[in-house]
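First the structure, in the form of structure tokens, and then the observations on it.
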Amino acid sequence: MLTMETISPQTRQTKYCTQIERIIAEFGHASNAEILAELHQTFPDVSATTVHRATARLASRGEISLAPADPTGAMRYDSNTTPHDHFMCTHCGLLRDVDIADKVRPLLMAEIDGCDISSRITVSGTCKTCTTQKDIA
Ligand SMILES: [Zn+2]
Ligand SMILES: [Zn+2]
């Protein structure tokens, strides 16, 4: 027999997972810290541990995927679960999905005598916003 006590933690977990998925979908890419900050606006009591557990569970289910870490090394999640490549700004950490694989992969493979490339490509640099700010400064 199920009591309210045994049902409620599960229900709460599902509620957080749904919210977390929504946040990642909205941001495109998000770290646990960013998700926690956003979630706090609706659920002030939610803990970092809850967010860590929920994102780990969502990732293991394949509902979200791992994105390249931010410049501080913090793990980030991706709402796009289809394998894809990224551009990352090393100054502000901006992450953008890029569609270069079809063009770049054959060139890289030719360079390495036809060895097959299975990893995703992350190109890093300075985003437009950061370039403009550097020009002003
Ligand atoms: Zn930037
Ligand atoms: Zn991505």
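The values are calculated or read from the model by the stated rules, or taken from the named source; none is laboratory data. Everything numeric here is computed off the predicted structure, so don't read it as measured data. No Cβ is skipped: glycine too gets one built from the backbone with ideal geometry, and neighbour counts run over all protein chains shown. We work out accessible area using only protein heavy atoms, side chains counted, and drop any ligands, DNA or RNA first. Shrake-Rupley method; radii C 1.70, N 1.55, O 1.52, S 1.80 Å.
Structure notes:
- Across the range 49-86, the qualifying residues are those that are β-branched (V, I, T) and surrounded by fewer than 19 Cβ atoms within 10 Å (Cβ to Cβ), and the one among them that is nearest to D99 (Cα to Cα) is T82.
- Contact annotation: residue pairs with Cβ atoms under 8 Å, 6 or more positions apart or on different chains, pairing a residue in the range 110-134 that is among the small types (G, A, S) with a partner that is within 16 Å of ligand 2 (Cβ to nearest atom), are S124/F87; S124/M88; S124/C89; G125/F87; G125/M88; G125/C89.
- Residue match in the range 5-18 (condition: in contact with a helix residue (DSSP H, G or I) (Cβ under 7 Å, 6 or more places away or on another chain) and surrounded by 15 or more Cβ atoms within 10 Å (Cβ to Cβ)): yes
- Residue that is surrounded by the most Cβ atoms within 10 Å (Cβ to Cβ) [pool: residues in the range 105-128 that are among the aliphatic types (A, V, I, L, M) and under 17 Å from L94 (Cβ atoms)]: I121
- Single residue of the range 87-98 satisfying the filter (open to solvent by 30 Å² or more (accessible area, probe 1.4 Å) and not hydrophobic (A, V, I, L, M, F, W, C)) that is farthest from ligand 1 (Cβ to nearest atom): D97
- Test: residue in the range 43-65 that is of a type outside the set (F, W, Y) and within 13 Å of ligand 2 (Cβ to nearest atom): yes
- Test for D102: is it within 12 Å of ligand 2 (Cβ to nearest atom), among the acidic types (D, E) and more than 27 Å from K15 (Cα to Cα): no
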